[in-house]
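I have placed the structure first, in the form of structure tokens, so that the comments after it can refer back to it.
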């Protein structure tokens, strides 16, 4: 905390006391210590200081390690395990019984001294698998009792060895009770070697822990007997075996000092050991060993310390040498401000949740710690724009509206369907309605003109729908004999609009020709005359009856579904088995309240009743035209947001909806799988967002016959076919999807050729079909698509017509379009600024002086801006554009601008990559090209470091070097007039096509980390090879004539030279087009593949975007000479969009 903050804290406390209010606080009193204001040493870790530190540590630790290891190796140690050998052979099957039995257990051992041992020679006993550190064992003692006779009765912690016959045990506890009691005596050449047992314990233990007037009492008098006994005439302070034993060991293998031999032992001496094998280690599979050892100045034998010193010293010395080499090879000035993140223009450090969407956007720093995301200028521009928008409440309100659209779909109520539900009689009385609330709603919701139906139904295309809804409402009221005033008013409306019934230019709701005459017949049954004219009515009924009669014997599945769907209009389908196959799990027929109500009225099915009751429970008095419908509506909103380029602000909501949709998809939910448009839309969206979806639900529609067998097929639902076409385009690798794509395309083309519908909705649908056919997804760039959608006024279609029209109430098309316009223009303003920077970059680097080079900046930048369009991807866009410009310059230099010496000079400079030396240029052209190439590579590498946290400059250099060498090889082929094999040409040509410096560096700047193993992976390189090979084939096909005239190598000409099947040029070109298409499909499949993928999806999308650029550029010509393409460039970068008022309404 700063001193300013600290002083303000103190002031706050003082003011509290002055006010007389005493506050309790856990905050410590102010002090320099608590506020971390004490003087502190803060060393600066300069390279020299670090290297010197490691060097000194290495020089000190290595000799220390050698000395310690030498001292340890000088210790002589003899270890003899005797626990098993000292058991008679006959008793080894039950060693526990032997050790616990009576009798002498003397054992004689012979030890040979291998190396001279200077006195004193320490005698140890070593136990293994003995856990003196066990909690209950360690606690079973009383140290106070060991020190003072006054505490001898304090044995509460010593259980179970606390007392005998009521008298306390001294020393008490398990530790003392388990005293080691093996004994050893040594002789050499029949001469006794005395073992000194004085001074084997710690002096501090003898004087402070064991009392001089504390004597053993009742020790080892109970049962069972533990270990050794004690001399009751000696105080505990003199019984050193006990003192040594009571200092418990931390590990299960330990040594304890038994005594010292005060005589030198010579090499070759034979030591005879006579031992009493008393101590029981056999019960717990323990081991006993006798150890004789000398010591050094370091203690007993222990190699660990020496090895540790050597290891640490070696590591320090290695680091010192490594850092010294790095410092000498690539020195870096201490305190150089150019390395600070805010001075590097590293870019990409914003994690923009909502960048450039037209509203307030929250921006978070990336974990890399970079402070400036793109450039200081662009950062200020973004901040200013964001602040302005943050203060504009309407932007936030618009966003909130759209979020609510995604969360909850509000369907309009349908007077038509409510009328049929109102006509359902009660099972208990045929003279009373089952749902009287529906009847009441009809009485209360008639329009002023006498009609029922949607509000604002003045548009001509909705007139027949309104007539149908009005007639159904009249029938419901007439059936129950109420609402005479409303009935008469409704009949007047029908009479005034009677001419519209037979007007064939007005759009008909689905089934109108059967349902409307059917309702007129029903009106006659109710003694109600409909004012339409007897001739008109009779003609309608006659056509309806004739239509139904033609189907009485045999009809298609589609026709069968259609008749079941319009059940309320037929009224003569008596076969429930024909109807029940269309009943869904929720009890409905086609999710249609009207159809379900008619079915229940005729057949009394319980499932239909359950559906109707649940419907009224949810909607109370009036029902929608279709339910449930949430899935399709919400998916449509997502598609709209994505198609307009404003989905970035709603990623959380979109992810939540798609997760839910995916769960429905996996369990085969009827709301998705039984609605053709919803199923196709869900498949397309889930696939695009990386979900693992199967094509199985769409397989029946691989052939047009499968579509014809559906309700949508029978009524020729163009909208459903369009969704099937788009779904087929999204994954054209399945053979079934290819078939689906083929027939849906032909179907839509035929529909366009005979399009006569004139409603506003149909005009939008027609435009959608035209765009889908004219701009296939594989050759369509996102930003140009967004602009086209905005100008078309395309947003969520909130009014649809089936048997009757319905509207998505909370879908506001104008809000979404205004949002899209603002976002497009905001992003475009950033794109224009970037173009100005790139223009200056070309001038500053003298690229305009290279007269042989084509100036294609607009095309190069457009290809990035139209695909990587969001502001936070500025670094990737700039890298993409600069890569495109430089590859064009280099290509022209190798083709026409440079001599062989100049080309080799350029390659040598890149290959050497000496940034400290003075380059040797063969010409001014080489100097210009290498200088801008070097600066661009370094700039991109610095920016990529902020994203990746590692140096990728070496990889970018390699990308450029590979390109230059491939171009040199092509130049040599041309100069030598040699003809390579087709295989050699293509293996070189996919690199020389020059996509590497454009796409590959951009993948580092998109955001996700790309480890080196990912970049080296087969998948990453396969993505690059596929898109490059496809691009090369498309280029050679479109540029064949021009390149042949210029004498350049071309895949088409090579095919013709190596052709063995006598194919014509046209056949060869078609074959190459097919190969390019297969490469495109393989690339698309690899991009969508999630299982086992090592490349992040965002990075794979970069290759997919380049594929779209190439297919667009080479769709009609060679991509650089099209006037249409130039107008597209201008529209995306320079021409803002605006909407006319009619587009918003």
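Values for this structure:
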| quantity | calculated |
| --- | --- |
| Leading residue by the ranking (modelled with the lowest pLDDT) among those in the stretch 278-324 that are farther than 30 Å from residue 104 by Cα and assigned to a strand (DSSP E or B) | 299 |
| Among (1) surrounded by fewer than 17 Cβ atoms within 10 Å (Cβ to Cβ); (2) part of a helix (DSSP H, G or I); (3) modelled with pLDDT of 90 or more - the single one residue 55 does not satisfy | (1) |
| Scan of the stretch 458-481 for residues that are out of contact with any strand residue (DSSP E or B) (no Cβ under 8 Å at 6 or more places or on another chain), at pLDDT 90 or above and part of a loop (DSSP other than H, G, I, E, B), ordered by number | 481 |
| Residues of the stretch 420-457 that turn out to be within 12 Å of residue 472 (Cα to Cα) and either part of a strand (DSSP E or B) or free of Cβ contacts under 8 Å to residues at least 60 places away in the same chain (or both), as a count | 5 |
| Qualifying residue in the stretch 500-510 (condition: surrounded by fewer than 14 Cβ atoms within 10 Å (Cβ to Cβ), over 60 Å from the mean Cα position of the chain (by Cα) and outside any loop (DSSP other than H, G, I, E, B)) | no |
| Search result, residues across the stretch 1095-1119 that are more than 17 Å from residue 998 (Cα to Cα), modelled with pLDDT under 80 and surrounded by 13 or more Cβ atoms within 10 Å (Cβ to Cβ) | 1117, 1118 |
| Leading residue by the ranking (nearest to residue 940 (Cα to Cα)) among those in the stretch 325-349 that are part of a helix (DSSP H, G or I) and modelled with pLDDT of 55 or more | 339 |
| Number of the condition not met by residue 104 [criteria: (1) closer than 25 Å to residue 285 by Cα; (2) part of a loop (DSSP other than H, G, I, E, B); (3) in contact with a strand residue (DSSP E or B) (Cβ under 7 Å, 6 or more places away or on another chain)] | (3) |
| The stretch 1089-1105, residues that are in a helix (DSSP H, G or I) and out of contact with any helix residue (DSSP H, G or I) (no Cβ under 6 Å at 6 or more places or on another chain) | 1097, 1098, 1101, 1105 |
| Hey, residue 1053 in contact with a helix residue (DSSP H, G or I) (Cβ under 7 Å, 6 or more places away or on another chain) and closer than 20 Å to residue 963 by Cβ or not | no |
| Qualifying position, being at pLDDT 80 or above, under 23 Å from residue 557 (Cα atoms) and touching a helix residue (DSSP H, G or I) at 6+ places or on another chain (Cβ under 7 Å), among 715, 769, 801, 821 | 715 |
| Filter result (loosely packed, with under 13 Cβ neighbours inside 10 Å and over 26 Å from residue 123 (Cα atoms)) within the stretch 64-93 | 89, 90, 92, 93 |
| Members of the stretch 639-654 found to be outside any loop (DSSP other than H, G, I, E, B) and either more than 22 Å from the chain's Cα centre (by Cα) or buried (at least 23 other Cβ atoms within 10 Å of the Cβ) (or both), listed by number | 640, 641, 643, 649 |
| Filter result for residue 985 (surrounded by 19 or more Cβ atoms within 10 Å (Cβ to Cβ) and within 20 Å of residue 1103 (Cα to Cα)) | no |
| Inter-residue pairs, beta-carbon under 6 Å, first surrounded by fewer than 21 Cβ atoms within 10 Å (Cβ to Cβ) and in the stretch 714-726, second modelled with pLDDT under 90, 6+ apart | 715/510; 718/751 |
| Residue match in the stretch 911-923 (condition: buried (at least 17 other Cβ atoms within 10 Å of the Cβ) and part of a helix (DSSP H, G or I)) | no |
| Selection status of residue 133, at positive phi and in contact (Cβ under 8 Å) with a residue 24 or more places away in the chain | no |
| Selection count, the stretch 71-101, where residues are over 19 Å from residue 302 (Cα atoms) and either outside the structural domain of residue 227 (by TED's automatic domain parsing) or part of a loop (DSSP other than H, G, I, E, B) (or both) | 8 |
| Positions within the stretch 214-254 being over 14 Å from residue 179 (Cα atoms) and within 60 Å of the chain's Cα centre (by Cα), in sequence order | 250, 251, 252, 253, 254 |
| Some residue of the stretch 644-652 being free of Cβ contacts under 8 Å to residues at least 24 places away in the same chain and in the same structural domain as residue 543 (by TED's automatic domain parsing) | no |
| Lone qualifier among 1032, 1042 - being at pLDDT below 90 and in the same structural domain as residue 894 (by TED's automatic domain parsing) | 1042 |
| Members of the stretch 671-692 that are surrounded by fewer than 20 Cβ atoms within 10 Å (Cβ to Cβ), in contact with a helix residue (DSSP H, G or I) (Cβ under 7 Å, 6 or more places away or on another chain) and not in a helix (DSSP H, G or I) | 689, 690, 691 |
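The values are calculated or read from the model by the stated rules, or taken from the named source; none is laboratory data. Model, not experiment: these values are computed from the prediction. With ideal geometry, Cβ positions are generated from the backbone for all residues, glycine too; neighbour counts draw on all protein chains shown.
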